[in-house]
Amino acid sequence: MIDQETFERLLPLAYQWAKAQEQFILARGAPLGPRQTADAHRVGVRDCSRVKVLVVDRIPLPDNKELAEASRLTHIITDASRGATIGHGIIIRADCWGDRELILHQLVHVAQCERSGGLEPFVQEYLCDRRTCAKFTAGSLEDEARRIAHEICAADATSRNASAHAP
C-alpha cells in the first residue's frame with residue numbers, strides 16, 4: 001500500500017507521465033476501426049474520433065523508478081499488463097490485440113476519463129481508487145470497466161447463439 005505522503009508526492013509525477021504517454025499514443029496510434037467505434041459509443045465514449053490505439057510488445061512503465069515501483073505495487077502497470085488507457089490513448093499488447101473484451105474494458109476507461117473532466121482529474125480519481133485497493137481486482141473504476149466489457153461480450157454471444165439456433 002502507498003502511504004498518503006508518498007501518494008501526494010507521486011501524484012504530479014504520475015500526471016506528467018500520463019500526459020506524455022497520452023501524447024505519444026495519440027501521435028503514433030491508429031484510429032478506432034468501425035467495430036471499435038461502435039463499441040466506444042456503446043460504452044459511452046463521447047469523442048471517438050480522438051481515441052487512438054497503439055499496439056506494443058509490452059506496456060511501458062514510468063522511467064521514474066519510484067513511480068514505476070508504485071505502479072507495480074498497486075498493480076496499475078506490471079510486466080504482465082495486457083493493456084492500459086491514458087486519456088484518449090489506449091495501449092494494447094500485441095498478443096492481446098484480438099481480445100474484444102480487453103478493448104471494451106479500455107474503452108470504458110476512456111469514457112470514465114471523459115466523465116471525470118479530462119486526464120488530470122481522471123488520473124487523480126483513478127489513483128485514489130487504486131490506492132484504496134490491495135489488489136487490482138478491486139476498485140470501483142476497474143469493477144465498472146470489467147463489468148461493462150463482460151456484459152457486452154456475454155450479451156453479444158447470447159445473441160449470436162440465439163441467431164444460430166433460430167429456425
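Read the figures in this text as sums done on the coordinates, not as results from a lab. A quick note: this is a predicted structure, and the numbers were derived from the prediction, not measured. Every residue, glycine as well, gets a Cβ built from its backbone with ideal geometry; the counts of neighbours run over all protein chains shown.
Structural remarks
- Over the chain: helical MRE at 222 nm, DSSP H runs n ≥ 4 each giving -39500 (n - 2.57), nearest 500: -20000 deg cm²/dmol
- For region 4-158, the Cβ-based charge dipole about the Cα centre amounts to some 260 debye (Lys, Arg positive; Asp, Glu negative; other atoms uncharged).
- Based on C-alpha pairs under 8 angstrom that are at least 6 apart in sequence, the chain has a relative contact order of 23 percent.
- Rg then Dmax, both in Å and based on the Cα atoms of the chain: 16.4, 64.
- A protection proxy built from the mean count of other Cβ atoms within 10 Å ranks the segments 84-95, 10-21, 104-115, most packed first, as 104-115, 84-95, 10-21.
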